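*Asks:* This structure is in structure tokens; I'll ask about it shortly.
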Amino acid sequence: MRRQSERLTDTPVKSHDNKFHHYRVVKGFQDIGTGRVALSPLSSIRLGLTDSSAKKVHIGGCEFRVAVRSGLEDDVVAIMEPDREKAGVVLGDRVVLVKAGHEASRTDDEEFMDISPVKVGDMVVAKGDQTDPDTPSTVRVSAKLLKRFGIQDGAIGSIAAEPDGTRHKVVLRKSGRASPEDTIAVRKKLRDALKLDIGDRVTLWVETAVSGVRRSVSTNGLQGRLLITDTPIVELDVDAIVNAANTQLRSGGGVDGAIHDAAGPELLRACRALKGCKVGRVKMTEGYDLPAKYVFHAVGPQWEGGSHREHQLLASCYRETLSLAKKEGLQTIAFPCISTGVYGFPLEDATIIAFREIISFIESNEAPETVYLCPFTDEEAQAYRGVRELCLAGIPIEQILLVSQARSGSDDDSVELSARGARALSVKRGSEIRLAAGENAGTFRVGVGDAAYPECRCRLNAKARKKLGVEKGEAVHVVL
């Protein structure tokens, strides 16, 4: 299954009667397995799941058995990834749990979900946007239209075409380019499904919810501006794409080679004229035969064990690129996973650094408006999704840390942070912080490492890692 470009989501809890309740989706438990979800004891009672033979609920039209787990919050439901995909939900979504045998009538469901369809008007079908994922559910409309109707980017809508007028659910995204208010960009897959041609007219509706799932914009500053897409970076029609370049700015392998191949020989000639680029810096050329107008050539560091400022240099690539994009007035830019190919940078570290730097920049700057992450391999895609899921669970990116081996002689109840990491978390040497991983958590005394230690990591000894149920290289998060 191809992954949709997802934005981070959050929404408040809403109380209800004994049959229907909102629950926030969190990561499931391996020992429970698939086909089952986990609830707190109070949630189980509230839903009337007191008989072991009747402990079944419906989520998004799918039936699941229920396991009761103490320690879970009363407004969450723990679901394994295969079951999340089956039910069409992601971490952080609010879902309606319906006890098996209590089918919701349309009236009940609409009353609970506050579904209030708003007719926007007739729209002219235009060609879909190549930056969207390969899914028929995403369409694009003008920013002016979204603003005029007070519609959030990423809202749920529907379109209806003559002659039957049946409404088909879609996700409404803001167009990356100036477009007329009465046009709607629809990708070919959806046009074919609805038997539409470019130039046809459809009626657009906006709704507040769909299929028992609430989605809205994140509260941690992203507002739908950081997206992950499976579209190859050389096919993205954005203002600029980023090339994971070498210091000579010559065509190499991986993403670098793919970009040079797609851009044509003019790109290499332009790179030669730039006379190289230092590690951690970025230079800009035109895009030539690429859909993107520009290429930003960012030179990431080669991995030498982590003691040669590799983390700081990689972070500099992202910061300098985004600063240059802002200076040039660009609105859309796409990044590959820099330095994780032949340069050997650990993928988990590179992913955390990418998220940290991009989120930090776009939270304090209006441009670029949208940043795309474009994984080149399945491993990169999985790493991106892993960090994104932690963010979807409401964990700020600066509170996500990768675990390293502690120094010899460290205590079982201590954790070592970098100086910058400690400052970012507003903690001091000798103070206490709480770390968590899944259901496991513990309180640790803070130690501060040397200046070269990366801020995306923490050091824990073997007993501390066992307490949290994590291995070296896995993520924990700080509970503030």
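Every read-out reported here was derived from the displayed coordinates using simple, explicitly stated rules and does not represent laboratory data. It should be emphasised that the depicted structure is a prediction, and the values quoted were computed from it without experimental measurement. Cβ: placed from backbone, ideal geometry, glycine included. Neighbour counts: every protein chain shown.
*Asks:* Please report the relative contact order for the stretch 223-305, taking Cα pairs under 8 Å with a sequence separation of at least 6, and give it as a percent rounded to a whole number.
*Replies:* Details: 135 pairs, mean separation 29.8, N = 83.
Over the stretch 223-305, the number comes to 36 percent.
*Asks:* Tabulate in residue order the Karplus-calculated ³J(HN,Hα) for the stretch 350-359, using 6.51 cos²θ - 1.76 cosθ + 1.60 with θ = phi - 60°, rounded to whole Hz; enter x for Gly and Pro.
*Replies:* 4, 5, 4, 4, 4, 4, 4, 5, 5, 4
*Asks:* So, one more: Quick check: net charge around SER316, other residues with Cβ under 12 Å of its Cβ, Lys/Arg +1 and Asp/Glu -1? Spell out each step's value before the answer.
*Replies:* Numbers: positive: LYS278, ARG281, ARG309, ARG319; negative: GLU310, GLU320, GLU357.
So the environment of SER316 carries a net charge of +1.
*Asks:* Can you give the charge dipole size of the stretch 226-394 about its Cα centre, rounded to the nearest 20 debye, using +1 on the beta carbon of Lys and Arg and -1 on the beta carbon of Asp and Glu? Spell out each step's value before the answer.
*Replies:* Values: 15 positive and 23 negative charges, 159 e Å.
About 760 debye.
*Asks:* Which shape class, rounded, prolate or oblate, goes with the stretch 226-394 when its Cα gyration tensor gives a ≥ b ≥ c as root eigenvalues, a/c under 1.5 marks rounded, and past that a/b bigger than b/c marks prolate? Walk me through the numbers before you get to the answer.
*Replies:* On the way: a/c = 1.45, a/b = 1.21, b/c = 1.20.
Taking the square roots of the gyration eigenvalues as a ≥ b ≥ c, the stretch 226-394 is rounded.
*Asks:* Would you mind counting up the charge near GLU398? Only other residues with Cβ under 13 Å from its Cβ, with Lys and Arg at +1 and Asp and Glu at -1.
*Replies:* Values: positive: ARG356, ARG420, ARG423, ARG457; negative: GLU357, GLU363, GLU455.
Net local charge, GLU398 excluded: +1.
*Asks:* Right, next: Can you flag which of LYS27/LYS56; LYS86/LYS174; LYS86/LYS472; LYS278/LYS326; LYS144/LYS169 are past 24 Å Cα-Cα? Don't skip to the end; give the middle numbers.
*Replies:* Details: LYS27/LYS56 19 Å; LYS86/LYS174 27 Å; LYS86/LYS472 31 Å; LYS278/LYS326 21 Å; LYS144/LYS169 21 Å.
Violating the 24 Å limit, Cα to Cα: LYS86/LYS174; LYS86/LYS472.
*Asks:* Now for a separate question. For the stretch 409-463, what is the charge dipole size about the Cα centre, in debye to the nearest 20, if Lys and Arg each add +1 at the Cβ and Asp and Glu each add -1 at the Cβ?
*Replies:* Details: 9 positive and 8 negative charges, 44 e Å.
It works out to roughly 220 debye.
*Asks:* If you don't mind, there's one more thing I want to ask. Classify the stretch 400-479 as rounded, prolate or oblate, taking a ≥ b ≥ c as the square roots of the eigenvalues of its Cα gyration tensor: rounded when a/c is under 1.5, otherwise prolate if a/b is larger than b/c and oblate if not. Don't skip to the answer; put the middle values down first.
*Replies:* Details: a/c = 1.41, a/b = 1.29, b/c = 1.09.
Since a/c stays below 1.5, the shape of the stretch 400-479 is classed as rounded.
*Asks:* Arrange the following residues from fewest to most other Cβ atoms within 10 Å of their Cβ: ARG272, ARG65, ARG140. Can you show the working numbers first?
*Replies:* Details: ARG272 12, ARG65 15, ARG140 25.
Starting with the residue having the fewest Cβ neighbours, the order is ARG272, ARG65, ARG140.
*Asks:* A further question on this structure: State the answer as a single residue: which of ILE333, PRO375, THR229 lies farthest towards the positive end of the charge dipole of the stretch 226-394, with beta carbon charges of +1 for Lys and Arg and -1 for Asp and Glu, about the Cα centre.
*Replies:* Of the candidates, ILE333 comes out farthest on the positive side.
*Asks:* Count the net charge of all other residues whose Cβ sits under 10 Å from the Cβ of SER339, scoring Lys and Arg as +1 and Asp and Glu as -1. Don't jump to the answer; show the numbers that get you there.
*Replies:* Details: positive: none; negative: GLU310, ASP349.
In short, -2.
*Asks:* In addition: What order do you get for CYS374, CYS277, CYS62 when you list them from fewest to most C-beta neighbours inside 10 Å? Spell out each step's value before the answer.
*Replies:* Working: CYS374 26, CYS277 18, CYS62 14.
Final ranking by Cβ density, sparse to dense: CYS62, CYS277, CYS374.
*Asks:* Going by how many other beta carbons lie within 10 Å of each one, how would you line up TYR372, TYR294, fewest first? The partial results should precede the final answer.
*Replies:* Numbers: TYR372 23, TYR294 20.
With the fewest neighbours first, TYR372, TYR294 line up as TYR294, TYR372.
*Asks:* Still on this structure, please answer the following. Would you mind telling me the antiparallel percentage of the DSSP bridges in the stretch 226-394, rounded to 5? Present the calculation step by step, with values, prior to reporting the outcome.
*Replies:* Details: 5 of 20 bridges.
Given both bridge residues lie in the stretch 226-394, the antiparallel proportion sits at roughly 25 percent.
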